[in-house]
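*Asks:* Could you have a look at this structure, given as structure tokens, before my questions?
The values are calculated or read from the model by the stated rules, or taken from the named source; none is laboratory data. Only a predicted model underlies this, so the values are computations on that prediction, with no experimental measurement involved. As a convention, Cβ positions derive from the backbone with ideal geometry for all residues, glycine included, and neighbour counts pool all protein chains shown.
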Amino acid sequence: MNPFEIAARWKDQIPATTAHLLEPYVNHGSSVLSGFLLHLLSGDASRAACSADAENRDALGAILAMVAQDFPLECYGRPEAVQQWQGLKHAPPFEVPDSWTATVEELRREGPQYGELERDKQSAAGTVH
């Protein structure tokens with residue numbers, strides 16, 4: 001498994017010091033987290049905002065978006081998750097729920113959707129350019 005790195009799209013939106021604290025946390029588990037990051041990862045955005053320095057307060061929206069979009073679900077959201085997180089090497093492998101497979105199969109049985117059949121007819125007739 002490749003180590004987690006802050007994606008390039010976030011690097012100009014979040015403070016470098018914050019990125020340098022978050023990468024080891026995701027990869028190796030509980031590391032030295034500031035009070036701000038501990039509150040933020042624990043799901044307490046208001047306390048995080050109150051304890052943030054000016055640079056992190058200005059970037060709070062981007063940091064929250066980055067965590068929600070890029071971090072493993074098991075490593076944030078509640079204090080217990082943050083305390084118990086041991087890093088990616090200890091994370092359980094992702095498994096596709098049976099319900100996803102069933103949904104895909106159901107959609108395949110239903111056939112074309114959202115005008116696909118009409119579009120196919122027009123294409124066959126040569127009316128679509």
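*Asks:* Note down all Cβ pairs under 9 Å where the first residue falls in the range 50-68 and is touching a residue at least 60 places away in the same chain (Cβ under 8 Å), the second is part of a helix (DSSP H, G or I) and surrounded by fewer than 15 Cβ atoms within 10 Å (Cβ to Cβ), and they're at least six residues apart or on different chains.
*Replies:* Met66/Arg9
*Asks:* Among the residues of the range 4-41, which ones are over 15 Å from the mean Cα position of the chain (by Cα) and assigned to a loop (DSSP other than H, G, I, E, B)?
*Replies:* Those that are over 15 Å from the mean Cα position of the chain (by Cα) and assigned to a loop (DSSP other than H, G, I, E, B): Asp12, Gln13, Ile14, Pro15, Gly29, Ser30, Ser31, Val32, Leu33, Ser34.
*Asks:* Looking at the range 58-91 only, could you name the residues that are of a type outside the set (Gly, Ala, Ser), surrounded by fewer than 15 Cβ atoms within 10 Å (Cβ to Cβ) and more than 15 Å from Ser42 (Cβ to Cβ)?
*Replies:* Within the range 58-91, Asp58, Gln69, Gln86, Lys89, His90 qualify.
*Asks:* Residues that are of a type in the set (D, E, K, R) and farther than 15 Å from Ala19 by Cα: does the range 52-72 have at least one?
*Replies:* The answer is no, given that none of the residues of the range 52-72 is of a type in the set (D, E, K, R) and farther than 15 Å from Ala19 by Cα.
*Asks:* Among the residues of the range 16-37, write down those that are touching a residue at least 40 places away in the same chain (Cβ under 8 Å) and surrounded by fewer than 18 Cβ atoms within 10 Å (Cβ to Cβ).
*Replies:* Those that are touching a residue at least 40 places away in the same chain (Cβ under 8 Å) and surrounded by fewer than 18 Cβ atoms within 10 Å (Cβ to Cβ): Asn27, His28, Ser30, Leu33.
*Asks:* Yes or no: the range 66-78 includes at least one residue that is farther than 23 Å from Glu5 by Cβ and either at pLDDT below 95 or assigned to a loop (DSSP other than H, G, I, E, B) (or both). So that I can check it myself, show each step before the final result.
*Replies:* We begin by selecting, within the range 66-78, every residue farther than 23 Å from Glu5 by Cβ; these are 78.
When the remaining residues are screened for being either at pLDDT below 95 or assigned to a loop (DSSP other than H, G, I, E, B) (or both), the result is 78.
Yes; the residues of the range 66-78 include at least one that is farther than 23 Å from Glu5 by Cβ and either at pLDDT below 95 or assigned to a loop (DSSP other than H, G, I, E, B) (or both).
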